Amino acid sequence: MTFLPLELTFVNLLDYIGTLAFAISGIRLASAKRFDLFGAYVVGLATAIGGGTIRDLLLNVPIFWMHNGIYFLINLVALLLVALFGKIVIRQRNTWFIFDTIGLGMFAVIGIEKTLSTGYPFWVAIVMGALTGAGGGVVRDVFLNEVPLIFRAEIYAVACVFGGIAYWACRGLGLDSVGCGLVCGAVVIISRVVAVRYKINLPTLRGDDISS
C-alpha cells in the first residue's frame, strides 16, 4: 500500500475537490478565531475527513484516509492557500459559505456511492450521504466551540437529503453513476444557495426556558 495511490477516478476527483473545499472552510474559520498553524491544520483536517470517518465506521469498512495519505497533503494545500491569500479567503464574507457548500455537495455524492457499493439499500445511502456531507461540519463546530450548523434553522443536512432523492430519481431514469452524481451534487449546492439567498429555514421549536 503506497502513501499516495495513483489511481484517479471520477469518484476520487469529487472526493479530493470536496476535501479541499471543506478543509479551506474549516481553516478559514479557525483563522478567524486566531488559531495557530497547527490548530488550523487540525480543524481543517477534521472538517475534511470527519464525516467520512463516521460513515466508514458505521458501514464497517476500512477508513478511507488510512489507505490514502493524499488527504493530509490536500489539507496542507488548503492551509497554504489560506495563509498566502488571507485577504481574499479569510476576509470575504461569502468565502466560507461557497467552499462549505461545494464540499457539502461533493461529499454527499461520495457517501451515497460508497454506501451503494457496499450493498446497503438506498435509504441507508441517503442517510450516509447526509452524514458524510454534514458530519465534518459538526466536528469543526465542536472544535470551534460553536453550535453545530445542522442544529440551527438553516438548510444544511436536509440539502443532502434532497440530493440523495435526486440521485435515486436519476438512477430510476437509467442515468449512469456519473450523471447521477452530477445531478445530486448540483441539487445539494442549489438547494443550499437558494435557501440562504431567500432565507428559507426549517421551523424551530420554541419551548419554555429550562435553564433557570
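Return a yes/no flag: does the stretch 199-208 have any residue that is outside any loop (DSSP other than H, G, I, E, B) and either surrounded by 13 or more Cβ atoms within 10 Å (Cβ to Cβ) or not acidic (Asp, Glu) (or both). Scanning the stretch 199-208, I find at least one residue that is outside any loop (DSSP other than H, G, I, E, B) and either surrounded by 13 or more Cβ atoms within 10 Å (Cβ to Cβ) or not acidic (Asp, Glu) (or both), so the answer is yes.
Check whether at least one residue in the stretch 101-113 is farther than 27 Å from ILE200 by Cβ and either touching a helix residue (DSSP H, G or I) at 6+ places or on another chain (Cβ under 8 Å) or surrounded by fewer than 24 Cβ atoms within 10 Å (Cβ to Cβ) (or both), and report yes or no. Looking through the stretch 101-113, at least one residue is farther than 27 Å from ILE200 by Cβ and either touching a helix residue (DSSP H, G or I) at 6+ places or on another chain (Cβ under 8 Å) or surrounded by fewer than 24 Cβ atoms within 10 Å (Cβ to Cβ) (or both). Identify the residue in the stretch 34-56 that is surrounded by fewer than 23 Cβ atoms within 10 Å (Cβ to Cβ), among the aliphatic types (A, V, I, L, M) and more than 20 Å from LEU104 (Cβ to Cβ) and, among all such residues, is modelled with the lowest pLDDT. Per the criteria, the residue is LEU37. Of the residues that sit in the stretch 70-113 and are in contact with a Lys or Arg (Cβ under 7 Å, 6 or more places away or on another chain) and not aromatic (Phe, Trp, Tyr), which one is modelled with the highest pLDDT? Applying the filter and picking the extreme gives GLY111. Checked against the criterion of being closer than 22 Å to ILE27 by Cα, at pLDDT 90 or above and in a helix (DSSP H, G or I), the candidates GLY185, GLY181, GLY135, GLY129 yield just one match: GLY135. Starting from the stretch 153-179, keep only residues that are in contact (Cβ under 8 Å) with a residue 60 or more places away in the chain, then list their pairs with residues that are crowded, with 18+ Cβ neighbours inside 10 Å whose Cβ atoms are within a distance under 8 Å, requiring at least 6 positions of separation or different chains. Sorted first by the residue in the stretch 153-179, then by its partner, the pairs are SER177/GLU113.
The values are calculated or read from the model by the stated rules, or taken from the named source; none is laboratory data. Since the structure is predicted, the reported quantities are computational estimates derived from the model, not experimental observations. Cβ coordinates were reconstructed from backbone atoms using ideal geometry, including for glycine residues, and neighbour counts include every protein chain displayed.
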